[in-house]
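Read through the structure below, which is laid out as structure tokens, and then see the notes.
Quick note: the coordinates plus some simple rules give every number you see, no bench work behind them. Since this is a predicted model, take the numbers as computed values, not measurements.
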Amino acid sequence: MPPDQTHQLTDAPALSGQDAPGVVILNQYYHPDVSSTGHLLHGLATDLARRGFAVSVITTQPSYGPPETWQKAPAREVAEGVAVRRVRTTRLSKDRIVGRVINFLTFIVPLQVRMLLGSSRKDVHLYTTNPPFLGIIGAFVSLVRRHNYVLLLHDAYPQIAVWVGTFKEGGLIDRVWHAMNKLTYRRASQTIVLCQAAKRLVCQTYGIDPARVHVVPNWADGKLLYPRPKGECSTARTQGLLEPFTLLYSGNMGLYYDFDTVLDAAERLRGENFRLVFVGSGGRRAWIAGEIARRGLTNTVMHNYVPFDQLNDSLNSCDASLVTIARGIEGISFPSKLYSSLAVGKPIIALSEAQSELRDLVEAHDLGRWFSLGDGAGLAEGIRGMMGDPQGCARQGEKARKVFEQNYTIDACVAQYAHVLRLADAERQGKPRA
């Protein structure tokens, strides 16, 4: 059953119009786009509005996923207390670097002019890293006139670009980007990161005061995503997932995640009562499809993104959820799909390096099982152990939902955002920091 829909905020006292900071959220993607970041920011914006903040969003028309997922959205609207403006940009394929760069530029160049000429000095601006260099707009504007902003780091660039081999570490692009980052972070009133490793990266790389860098995790909507028995899910019934032990990966099949290990495990589990399901899209989707065909993995299937109103059914149509982060990515990115997996109460199969906050969380709370990157044999054996222990899996799933409710609800996380935004607003007004 879904959680009580009458749940009320207990930590969000109403603010008077005079005390409520104005907040402008800037990000390339926003609801109803299929981007997980867009949905997270939609939750952030609407929850801040309920807390008394005057919230507006500047974004683009939906374009994150494949064209069949694009929905026409109003250029301007006020929805759930949030004023949204969607600017016109190109919508070229983001799987090609040229298309992605052009999409970035057609968003940020007009936005730079808009912020320079039309942004309010009374607002706190929340710049994300989507596009990855979006925050430099805030830094440049602040050099010309008063412009208070908070930087929200989801993925660390240029570190990721160096990691994937787009350009060389220490090369001209890398040095220039780091110089821009240094300016951006140092002129930001506050910075929000997703994990402790990201905080260390920011503080050590750019010499930022740790007191001005705040670790606030992502979250999932616990009212829309909640545990349901697999047997009650239409996705499980129609896709033949009721009987086999099903491991689900749902989300972005991007470059920053390890899929080799789980495909190796699936190959070792061929002929057993096991099914591996991928749902989503991303830069490695074609490679995964090719590997499934090359290895002859009849126990592995792929599906496109599901509509958001079907997501809870899809996420519950499994026995365990796969969460992975590639080697060398710790602190550069963090898998937000962890929170939706916790919300639906599924045991987690985690793949990461040994020194990983993902591993620490899963093992500290007994939320599932952790395996080292490249250990396909160990993963296969671990899955066999879970297949033979349904009661243990059920207990781990119950613990996952409990940990979610304690730490990763939208209420808990947005309360931390609200605190950081108030710190930035106090700095804007010249008040002493609390």
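Anything over 27 Å Cα to Cα? Flag those among Lys168/Lys199; Lys94/Lys122; Lys72/Lys346; Lys72/Lys402; Lys122/Lys223, in the order listed.
Those over the limit are Lys94/Lys122; Lys72/Lys346; Lys72/Lys402; Lys122/Lys223.
Roughly how many Å is it from the Cα centre of the range 44-65 to that of the range 330-353, as a whole number?
Spelled out, the Cα-based centre of one part sits 24 Å from the other.
Provide the percentage of antiparallel DSSP beta bridges, counting only those with both residues in the chain; round to the nearest 5.
5
How big, on average over all directions, is the shadow cast by the Cα convex hull of the range 312-434, in nm²?
Directional mean of the projected Cα hull area for the range 312-434 stands at 9.5 nm².
Using a/c under 1.5 as the rounded threshold, could you call the range 102-248 rounded, prolate or oblate? The axes a ≥ b ≥ c are square roots of the C-alpha gyration tensor eigenvalues, and prolate needs a/b larger than b/c, oblate otherwise.
Prolate, since a/c reaches 1.5 and a/b exceeds b/c.
Can you work out the Karplus-derived ³J(HN,Hα) for every residue in the range 414-429? Use 6.51 cos²θ - 1.76 cosθ + 1.60 with θ = phi - 60°, whole Hz, and x for glycine or proline.
5, 4, 6, 4, 4, 4, 5, 5, 5, 4, 5, 5, 5, 5, 4, 8
What residue among Asp375, Asp309, Asp264 has the largest mean-square fluctuation in a Gaussian network model of the chain, using Cα springs under 10 Å?
Of Asp375, Asp309, Asp264, the Gaussian network model singles out Asp309 as fluctuating most.
Which of rounded, prolate, oblate describes the range 230-407, given a ≥ b ≥ c as roots of the alpha-carbon gyration tensor eigenvalues and a/c under 1.5 marking rounded, otherwise prolate only if a/b is larger than b/c?
It is rounded, given that a/c, with a ≥ b ≥ c, falls under 1.5.
Could you tell me the convex hull volume per residue, in Å³, taken over the Cα atoms of the chain?
143
Given the DSSP H assignment, sum -39500 (n - 2.57) over each helix run of at least 4 residues in the chain and divide by its residue total; what's the result at 222 nm in deg cm²/dmol, nearest 500?
My calculation for the chain gives -12000 deg cm²/dmol from helical runs alone.
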